[in-house]
Amino acid sequence: MTHQNGSGPKQIGDALGQSLARLQVNIEARHRKRVEAEARPGETFEQAETRLRAEDAAREQEEAQAQAKARAAALAASAERERKEAAAKAAPSSVRKPPVGDAQMDFLVPGLYELGGRDNRSLMDVAVFRLSKSNKRAGEMIRYELPDGFVEVTAGHYGMASVWDYEIVLMMVSHLTEAMNRYRDGKGDKPGRTFKPHVSDILKFARRGDGSRQVEELEAALDRLKGTTVKNVRGYTETDGRKVREAGADGLISSYKVLSRTDTGRISEVEIEAPQWIYDRIVEEKQPDVLTVHPDYFLIDPGIGRFVYRLARRAAGKGAAKWSFQTIFERSGSTGTFKKFCQNLRKIIQRDDLPEYNLREEPGQSGPQLIMTHRDSLPALEG
């Protein structure tokens, strides 16, 4: 086969050979130019050429190793993501199923259990209770250092009140708040410190089944609430510049009375008196410092899950908040190690099934951070 050009026919093989020869000459010229340019003083051409080839080979090896390391890291990260996703799917939910009849309402007379759950905002970022179900912590004390003072929680003979016992306090706060709302609207009397819920109201409010065991445990929970003392010490400056230290202490409830039938052991009446400090904050203040909690809060099973929800409700509200693992550990009153606490906290993050809030972890200068974001705010934050 021939190729026709201005100087006459040529064999294609001859033209290709000439092109390759010119290319080889150009490559050799560039190579010689580079060797001469990078030769060190006193170095012959051959010495410089040998050194540059060795450096090129070493550089290529380093690049290959870096690429292999990057591929291995990517594969490891992918495997870790798959492992975490599988673990999250396999892990039991943080939220238990509601009891049978949970959605049923009394259409004639609204019960106390239908009150919206509310909590005292000032106590939502420290644990004034224990998070463990098994460790009663009788006689122990937890101290929380705060910027303007400290809070001490001291357990009595029967043990420290648990986060599950605290459901009764939530009901008490909710009752006082609703009663004060009616009073301010001119629809009812100003509430006193004592309220008398039926035991079934308490169990329904806390979204628990009306079983005999829960009824039997009610009196024990009231003992722990009565015996758990919260001491609050704060410092502040008055308008005239004087610095003041204010200290006060009271139980999570002030007193209680339970009437039960001796033939059946069933509780027929419960009377609970709110402590003065909770009563004053809700009834005497013009704008009570309380927050509504989601109904599914009462279905959260792990104690640490309940504490994280309360913290998110207090700190994030309808937006987002960031707290370090270390600070959450210190505010939780946990008796375990920080390492074990982080393991349990990461289980809650992996499940990510707490009501209202998405949870995720990110690194920080002071250690791992927990990001709590209200789900309704996610589109706005992402946009």
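The values are calculated or read from the model by the stated rules, or taken from the named source; none is laboratory data. What you see is a predicted model; the values in this text were computed from it and never measured. Every residue, glycine among them, receives a Cβ derived from its backbone with ideal geometry; neighbour counts consider all protein chains shown.
Quick rundown of the values:
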{"item": "Qualifying positions in the range 213-253 - without any contact (Cβ under 8 Å) to a residue 12 or more places away in the chain and closer than 30 Å to P99 by Cβ", "result": "R213, Q214, E217"}
{"item": "Filter pass, E285 being surrounded by fewer than 18 Cβ atoms within 10 Å (Cβ to Cβ), assigned by TED's automatic domain parsing to the domain that holds V230 and without any contact (Cβ under 8 Å) to a residue 40 or more places away in the chain", "result": "yes"}
{"item": "Single condition D189 does not satisfy, out of (1) in a loop (DSSP other than H, G, I, E, B); (2) under 25 Å from the mean Cα position of the chain (by Cα); (3) of a type in the set (D, E)", "result": "(2)"}
{"item": "The lone exception for T327 - which of (1) assigned to a helix (DSSP H, G or I); (2) among the β-branched types (V, I, T); (3) under 26 Å from N181 (Cβ atoms) it fails", "result": "(3)"}
{"item": "Cross-chain or 6+ apart pairs with Cβ under 8 Å, the range 187-206 first and in the same structural domain as D165 (by TED's automatic domain parsing) and without any contact (Cβ under 8 Å) to a residue 12 or more places away in the chain, then among the basic types (K, R) and surrounded by fewer than 19 Cβ atoms within 10 Å (Cβ to Cβ)", "result": "G188/R182"}
